[in-house]
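Rule-based calculations on the coordinates, nothing more; no lab input. In this text, all values refer to a predicted model and were calculated from it rather than measured experimentally. Because the Cβ atoms are built from the backbone with ideal geometry, glycine has one as well, and the counts that use them run over all protein chains shown.
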Amino acid sequence: MNTIVSEYIFTGFGFNVLLHNIEIKSIHGEEYSEINLNEVKLLTAKQLLVSRERLTGQKLKFLRTFMKVSLSSLGEIISAPASTIRSWEEKNEESTGMSVPQERQFRIYAIEHLLDQEKKHLEKGIIMAEDFDEPVTGATLDLKGTVDLSYLREA
């Protein structure tokens with residue numbers, strides 16, 4: 001039997017992530033959430049990068065590993081030794097202690113990294129297209145939650 005849970009707390013990244021309208025499947029008496037882990041990782045990364053809350057050690061490590069950036073590479077980006085970054089990540093739920101300029105530089109780098117990845121994905125879809133469909137008169141464009149326009153409400 002499957003049920004929809006309006007709020008579900010996912011703990012798989014070492015910190016709580018609140019998900020909405022998640023399907024829970026029951027298989028042989030065990031319950032499993034039906035989530036697309038890659039999508040949850042991407043959305044989590046985006047939310048962490050635009051959040052005004054300082055990064056904790058767990059969240060810094062999540063972002064760094066999500067982007068597949070080594071400790072030494074991150075050190076070059078924010079001008080900090082790899083050993084310092086490791087110690088920040090080991091602070092778990094505490095703030096990293098990273099300076100505001102370092103955290104800002106890291107977030108800018110991470111946002112640029114995500115934008116490059118999305119650009120490559122979108123370009124691949126266009127390049128692979130053999131043809132395009134004719135427009136349908138009066139058709140409604142269905143975004144299905146793929147575009148976040150919440151930043152427009154802040155203006």
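For a quick check of your reading of the filter: which GluC sites (Glu not before Pro) in region 82-148 sit in a DSSP loop and have no more than 12 other Cβ atoms within 10 Å? Please list the in-between numbers first.
Working: sites: Glu89, Glu90, Glu93, Glu94, Glu103, Glu112, Glu118, Glu123, Glu130; in loops: Glu90, Glu93, Glu94, Glu130.
Those satisfying the criteria are Glu90, Glu93, Glu94, Glu130.
Ignoring everything except DSSP H segments at least 4 long, calculate the 222 nm mean residue ellipticity for the chain; use -39,500 (n - 2.57) per segment, divide by total residues, nearest 500. Intermediate results must be reported in sequence, preceding the final value.
Numbers: 6 runs with 73 residues, N = 155.
So the helix-based figure for the chain works out to -14500 deg cm²/dmol.
Pick out, in residue order, every one of the trypsin sites (Lys or Arg not before Pro) in region 1-72 that is DSSP loop and has at most 16 other C-beta atoms within 10 Å; say none if there are none.
Hits after loop and neighbour filter: Arg52, Arg54, Lys68.
In the chain, what is the volume of the convex hull around the alpha carbon atoms, normalised per residue and reported in Å³?
Working: hull volume 30.4 nm³, N = 155.
Normalising the Cα hull of the chain by residue number yields 196 Å³.
Over region 36-128, what is the mean sequence separation of C-alpha contacts under 8 Å (at least six apart), divided by residue count, expressed as relative contact order in percent? Mind dumping the intermediate values first?
Numbers: 70 pairs, mean separation 28.4, N = 93.
Reported as a whole number, the value is 30 percent.
Please compute the length gained on full extension between Ile111 and Ser87, using 0.36 nm multiplied by the number of residues separating them and subtracting their Cα-Cα distance. Don't skip to the answer; put the middle values down first.
Numbers: separation 24, 0.36 × 24 = 8.64 nm, distance 2.33 nm.
In short, 6.3 nm is gained.
Any chance you could get the radius of gyration and Dmax over the Cα atoms of region 36-128, in Å?
13.9, 45
Among Ser99, Ser70, Ser26, which one shows the biggest mean-square fluctuation in a GNM of the chain, springs joining Cα atoms closer than 10 Å?
Comparing Ser99, Ser70, Ser26 in a Gaussian network model of the chain, the most mobile one is Ser26.
Can you tell me the length gained on complete extension of the stretch Asn2 to Glu34, counting 0.36 nm per residue apart and subtracting the Cα distance? Walk me through the numbers on the way to the answer.
Working: separation 32, 0.36 × 32 = 11.52 nm, distance 0.97 nm.
Extending this stretch completely gives an extra 10.6 nm.
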